[in-house]
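The values are calculated or read from the model by the stated rules, or taken from the named source; none is laboratory data. Just so we're clear, the structure is a prediction, and the values are computed from it rather than from any experiment. Neighbour counts are summed over all protein chains in view; Cβ atoms, including those assigned to glycine, are modelled from backbone coordinates with ideal geometry.
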Amino acid sequence: MAGAFWCIVEDDRQGNPKKVTAEVLGEASRLAAQAGGQAEAVWLTDKATEAGLKLLAEWGAKRVWLCENPGFAPYRGEVWTPVVAELAAKEAPKAIFGAVTTRQRELLARLAARVGAGLAADSTALALDGERLVATRPIYAGKLLAKMTWAKPPWLATLRPNVFRAEDPQAGASPAVERPAVRLPAEQMKLVERREEASTGLPELAEAEVIVSGGRGMKGPENFVILEELARVIGAAVGASRAAVDAGWRPHRFQVGQTGRTVSPKLYLAFGISGAIQHLAGMRTSKVICAVNKDSEAPIFKIADYGIVADLFEIAPLLTQEFKKLLEK
C-alpha cells in the first residue's frame, strides 16, 4: 500500500518474529494512524510459520509482505537489499523501519544508499511534524541528542530496542498476506562456510529487560560464572565491556558499547566496569543503572542511579542470595 509504514521483521531463524519486531511495529502503527496510513511488515525468510504471521498481525501489521526463499538464509546484505529496494519501488511506502540489530543495521544502511534516502540510525524517538517525520538520535557517544528529518519519503530509520512501546496485542487479528515474486541476485561471494549456534540459556542481549555486565574488574573469564548465576536468578542477559572482550574473556556478541551492542534495558547492573565513553554510549539510555566498583572515582558512577563502592566478588554473590530469597517468597 502506498504511504504505508513498513517494519522489517527480525526473526529467530526458526520462523518466529523476535520481540523487538513488536516494538518497531508498535511505533509504525502509532505514526501510521496519525498519517492516515497503516503499518505493514516485510518478512524475508527461508521459512515462515502461520504462528509467526499471526503474531505479526497481533502486533499491529495490517499486511505482511512475505518474501520466502531458501536463498534468504543465512542473511547476506547483497541478497536482501535489492529485493527490499525493488519491492519499495513498486509499493512506495512512506517509511521503512528496522530494529537496531546487527542484521538490520547493515540492511537499512545499504537500502538507504540503494533508494537514495536518508537514514536515522539508532533512533530513540520519532514524531510527525505536519507532513514530516522528525527522528531523535544520540550523537557524540550519547552526550547530545540530535533531531533530523527527511526532504522526501521514504523515511528510513533503525529503532533502538527497549525504547519504543509495543502495542497491546490484538488477539485474533489476521493480516493480509502478500507473496510477491522474488528474484534473487546471483551470489557474488560466500563468506560463511559453517554456522554454529551457541545457547547460553539466558535472554538475548539486545532484547533483555535486565542486563548484568562485567568489565576488566572481573579479572578473568572464569569469574563470569558469578554473573551468570546472578543472571539466571533474575532472568537477565550477561554482557561485557570492550576491555573484557578484547582480553578474550567473552565473545564479541556479548560486548556492550559503541563498537558492540546498543542496549536500553529497564535495569543495567555493571560490575567492575570503569565507564569508558565507548561503553557508556551503548547503555546510558538504560532506565535504571546500578554500578559496583572499588574505585569511587570511576566515571560510571556519574551516570549511575545507584552506586556501590565495594569488591564485586563480595557484592555479586550477596545480591544473588538476596534475589533468591525475594523470589522464593
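Is it fair to say residue 278 is polar (S, T, N, Q), surrounded by 19 or more Cβ atoms within 10 Å (Cβ to Cβ) and within 27 Å of the chain's Cα centre (by Cα)?
no
Quick one: would you say residue 264 is assigned to a strand (DSSP E or B), in contact (Cβ under 8 Å) with a residue 60 or more places away in the chain and buried (at least 20 other Cβ atoms within 10 Å of the Cβ)?
When the stated conditions are applied, residue 264 does not pass them.
Kindly provide the set of residues from region 123-154 that are surrounded by 18 or more Cβ atoms within 10 Å (Cβ to Cβ) and in contact with a Ser or Thr (Cβ under 6 Å, 6 or more places away or on another chain), ordered by number.
124, 135, 137
Here is a list: 255, 321, 278. Which entry is in contact (Cβ under 8 Å) with a residue 40 or more places away in the chain and of a type outside the set (Gly, Ala, Ser)?
Checking each option against the conditions leaves just 278.
Can you spot a residue in region 72-95 that is touching a strand residue (DSSP E or B) at 6+ places or on another chain (Cβ under 8 Å) and surrounded by fewer than 16 Cβ atoms within 10 Å (Cβ to Cβ)?
Taking every residue of region 72-95 in turn, at least one turns out to be touching a strand residue (DSSP E or B) at 6+ places or on another chain (Cβ under 8 Å) and surrounded by fewer than 16 Cβ atoms within 10 Å (Cβ to Cβ).
Could you tell me whether any residue of region 121-128 is in contact (Cβ under 8 Å) with a residue 40 or more places away in the chain, out of contact with any helix residue (DSSP H, G or I) (no Cβ under 7 Å at 6 or more places or on another chain), farther than 14 Å from residue 43 by Cα and in a helix (DSSP H, G or I)?
No: zero hits.
Could you figure out which of (1) buried (at least 23 other Cβ atoms within 10 Å of the Cβ); (2) in contact (Cβ under 8 Å) with a residue 40 or more places away in the chain isn't true of residue 231?
Tallying (1) buried (at least 23 other Cβ atoms within 10 Å of the Cβ); (2) in contact (Cβ under 8 Å) with a residue 40 or more places away in the chain, residue 231 fails exactly one: (2).
Picking from 233, 245, 238, 288, which residue would you name as being over 27 Å from residue 124 (Cα atoms), modelled with pLDDT of 95 or more and not acidic (Asp, Glu)?
Matching residue, one of 233, 245, 238, 288: 233.
Restricting the search to region 293-302, which residues are touching a Leu at 6+ places or on another chain (Cβ under 8 Å) and surrounded by fewer than 17 Cβ atoms within 10 Å (Cβ to Cβ)?
Of everything in region 293-302, just one residue is touching a Leu at 6+ places or on another chain (Cβ under 8 Å) and surrounded by fewer than 17 Cβ atoms within 10 Å (Cβ to Cβ), namely 294.
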